[in-house]
Amino acid sequence: MGKWLYDDAMYRFDSPQPSYWEATAGGGDTPGKPLSSDESCDVAIIGGGYTGLSAAYHLCRDYDLDVRVLEAGHIGWGASGRNGGFCSIGGDGLGAEKMIKNFGLESTRDYYRSQVAAVELVRDIIVDEKIDAERHGSGEVAIACSDNGFRQLKEHAEFQFRVLGLDTSVVTRDKFRARYFDSPLQHGAIILQPTFGLHPLRFVQGLAGAAGKHGAAIHPNSEVTHWATNNGVHELRTANGCIRAKKVVLATNGFAPEHLRGQLKGRALPLISSILVTRPLSDEELAAQSWQTNSPSITAVNLLNYFRLLPDGRFMFGGRGSANGNEQSAAENFVKLTARFHEMFPAWREVNIDYRWHGLVCMTRRLTPAIGRLEDDPSVFFGFGYHGNGVNTATWSGKQIADWIGAGGDNKGAPPKSLPSVVQGMPVRLPFPGLRLQYIRGAIAWRRLLDRLG
């Protein structure tokens, strides 16, 4: 394994993805320019996505600290500008039942309460800062793909409502067809609130603008190439400058620069996810699938797909990405993703697909987000591992880190009381990190088998 886990094509910081979001970002300028001199600050943040910008926003607005953000690409280059735009409850790969076994009932309830709060945090920031993020839809739809799947989904919804206190409802197959949409794979669904869709790139750009308005210095196109610590001061070097700070926030999620800090090696398991977007659909085409909802939707299977109707009538459909990230593998994967799209929505087989792109989601060995500070250097904070649910979880994580730094004072400050034990601390390192791509292939094959058996 070289500098990065995947093919170098996944890490071209000077090249934006050919996504629908990039094409419709709105033309608004984000604050800042590349670092071109030596500077100092209270807190330096590596990563200009949701986590890093939310941390900067809250550190400046609520604690009046001097903060600088270093982003390797343009603002929104990474997962924060590429994802499906689902602001929804999730953020883990365990599921509530296993989380209870691993962490206990009360800790699990704390976690899901924090997820609800995270959705509302995103909503509040959009409203308070007047961000044109194209909020769209209400509630996340999880559809069953078999009769047995619907029975399991119904039991899960009852568990969510009774044990976790979540706003979950069940819709039978016939009622779902009448109210939402139809598909050969549709066997009923559950609806989980609160959830909405948004334009992820517009949101991250708006978050950067809000952080800049409150005093944060934003430096796009400023990849950190060297990280040294001398006498308690961190030196973060880029191609054209250096930032010196007493505290650092590492906010890179699936694009973690493991080569810069040995403690990061093998802590994250990035997976590639791919998305396609069609041309605008006509009313007749929508009616052919009985489509009548703006709510973000997923398939309730192990290898899930996620999809939604966009405000301009285009249809977005996402799912598992390629094995290694190179251009040939990506092209082959988009053929498979398109076939799955046509399987679910056969009336749209002849609809042109205008956009295709991919990015990284990030998992951890314990299958929960990771928020904390390094044990051997408590001046370094981190937040990552959002399991494909970063819009709200990453934004919330950034706020937790900001509150920790802002209220903690010295390096002995305890984590915020609002930080559930489920997410605290660095996850255990994956064994033999160089074999992570093999782990991913094995996990995908296993999940595919489970879906077939189910």
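Values quoted throughout were computed directly from the atomic coordinates according to the rules given, and no laboratory measurement underlies them. Computed from a predicted model, the values in this text were never measured in an experiment. For neighbour counting, all protein chains shown are included, and Cβ atoms are generated from backbone atoms with ideal geometry for every residue, glycine included.
A few comments on the model shown:
- Modelled FRET efficiency - R0 45 Å, His259 with Glu343, Cβ distances, 0.05 increments: 0.65
- Residue order, fewest to most surrounding Cβ atoms within 10 angstrom, among Glu285, Glu120: Glu120, Glu285
- Spatial separation of Cα centroids for the range 226-288 and the range 316-371, in angstrom: 20
- In this label model, Glu235 and Glu158 are separated by 6.4 nm, measuring between points 7 Å along each Cα→Cβ vector.
- Stokes-Einstein D in µm²/s, Kirkwood radius over Cα pairs - the range 230-300 at 4 °C with 1.567 mPa s viscosity: 74
- Amide H within-cut-off set for Ile45, under 5 Å, with H built and near neighbours excluded: Arg68, Val69, Leu70, Val249
- Dividing the C-alpha radius of gyration of the range 149-201 by 2.2 N^0.38 Å, with N its residue count, gives 1.28.
- Rounded to two decimals, the Cα radius of gyration of the range 76-171 over 2.2 N^0.38 Å is 1.25.
- Considering only Thr238, His342, Phe103, and ranking their Cα positions along the charge dipole of the chain that arises from unit charges at the beta-carbon of Lys, Arg, Asp and Glu, the one farthest toward the positive end is Phe103.
- Calculated P(r) of the chain - Cα pairs past 36 Å, %: 24
- Modelled spin labels at Tyr63 and His226, positioned 7 Å past Cα toward Cβ, are 2.9 nm from each other.
- Segment Glu284..Val127, full-extension length gain: 53.1 nm, with 0.36 nm per residue of separation and the alpha-carbon distance subtracted.
- Pair Ala9, Lys101: separation of 7 Å Cα→Cβ label points (nm): 3.9
- Only helical runs count toward this figure. For the chain, summing -39,500 (n - 2.57) over DSSP H runs of n ≥ 4 and dividing by all residues gives -10000 deg cm²/dmol at 222 nm.
- Where the alpha-carbon atoms of the range 1-131 are placed on the principal axes, they occupy 50, 41, 32 Å, in descending order.
- Estimated FRET transfer efficiency when R0 is 30 angstrom, pair Ala178-Asp354 (beta carbons, to 0.05): 0.50
- Taking Glu343, Glu134 and counting other C-beta atoms within 10 Å, the order from fewest to most: Glu343, Glu134
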